[in-house]
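A short write-up of the structure that comes next.
Where a number appears in this text, it was derived from the coordinates with a stated rule and is not lab data. This one's a predicted model, so the numbers in the text were calculated from it and none came from an experiment. Using ideal geometry, Cβ is built from the backbone for each residue, glycine included, and neighbour counts are taken over all protein chains shown.
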Amino acid sequence: MHLPLSLQLDRIIQGALEEDLGSGDVGSSLLFAEDIRSRAFIQAKDIGIVAGLPVAQATFQKLALDLVWNLRKRDGERVSPGEIVADIDGPVRAILAGERVALNFLQRLSGIATLTGRFVDAVQDFTVRILDTRKTAPGLRILDKYAVRAGGGFNHRFGLYDGILIKDNHVRAAGGVREALNLIRRNARPMLKIEVEITSVEEAQEAAEARHAQAAIYGQPGKCKKMVARCHGQFSDSAGMPAMLAGIVQRSSIFKASGSPVSSPSLNATTGEVGDRTKSNRENVSSNSRVIIARTVCALT
């Protein structure tokens, strides 16, 4: 996995540090002189897929250029409780000042990657791909979508600028699915991907008649089967959780299972000084564990 260190990412990290540090870490500055150095480690506390290590590294190194970062794991790799994913050697003030922000990034992105990985595992025997959506934390989309890739998923459109999804409000304002698609195709630039949400058998029929578009299908299981039948596909119901997701895509290669980190799951992690007791970092992980909602996307050709 590769995450380019862009200006956008730099702004995200800088903003997070400013939010947490303000005018400075009062406690650490009173306890430790500037030249005192320490070693620390980052340790996984749960089973999962790690993501965000480059972000954590950049966070610490913004506070101390001479901080040494040694990777034990790489983004996209699976971890078990107790595994150390990185070692740190640097000024103790910098380590303590950056610890919370670095772990926030790491836990959030690893949680998204881990839950995405559960979806990917559930459909590994089928010719489908797990896609994300735009339901990301404001300002963190570049990171949330990176975490989906680390978990084995694929990115859908990044924003309103690189793909068209005609949603229910568009359909109502345009006067119907057929009308909305005609308007879009008349005015859109060539090769721009077009998708439309459908919620009824009638809308499915209109979408099926419009070639070179995709339909995002929503509704109750029985209703969805009828809509998908109009799209010349097959459908099997799913409760929406990863273990059940394979039911959506049985015997069909035209479906893409799609989910989004609506409210981010979190993978538990901890930091500590080598040789000292570690500082636990549990943050209501269990209450944030079921957050990706499954949907089906029927590709019309």
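Legend: ranking of residues 194, 142, 49 from fewest to most surrounding C-beta atoms inside 10 Å; resulting order 142, 194, 49.
Listed by chain and number, the aspartates and glutamates whose alpha-carbon sits under 13 Å from that of residue 135, ignoring those within fewer than 8 places in the same chain, are 144.
Calculate the length of the line joining the C-alpha centroid of region 124-179 to that of region 5-61, in whole Å. For region 124-179 versus region 5-61, the Cα centre distance is 30 Å. Counting charges near residue 19 (Lys, Arg +1; Asp, Glu -1) among other residues having Cβ under 14 Å from its Cβ returns a value of 0.
What FRET efficiency would be calculated for the residue pair residue 89, residue 154, taking the C-beta separation as r and a Förster radius of 45 Å, to the nearest 0.05? E between residue 89 and residue 154, to the nearest 0.05, is 0.75. May I ask for the net charge around residue 81, where only other residues with Cβ less than 9 Å from the Cβ of residue 81 are counted and Lys, Arg are +1 while Asp, Glu are -1? Residues close to residue 81 contribute a combined charge of -1. By the count of other C-beta atoms within 10 Å, a proxy for reagent exposure, 115, 109, 96 are ordered fewest to most as 96, 115, 109.
Using 0.36 nm per residue and subtracting the Cα-Cα separation, the extra length available between residue 7 and residue 20 on full extension is 2.7 nm.
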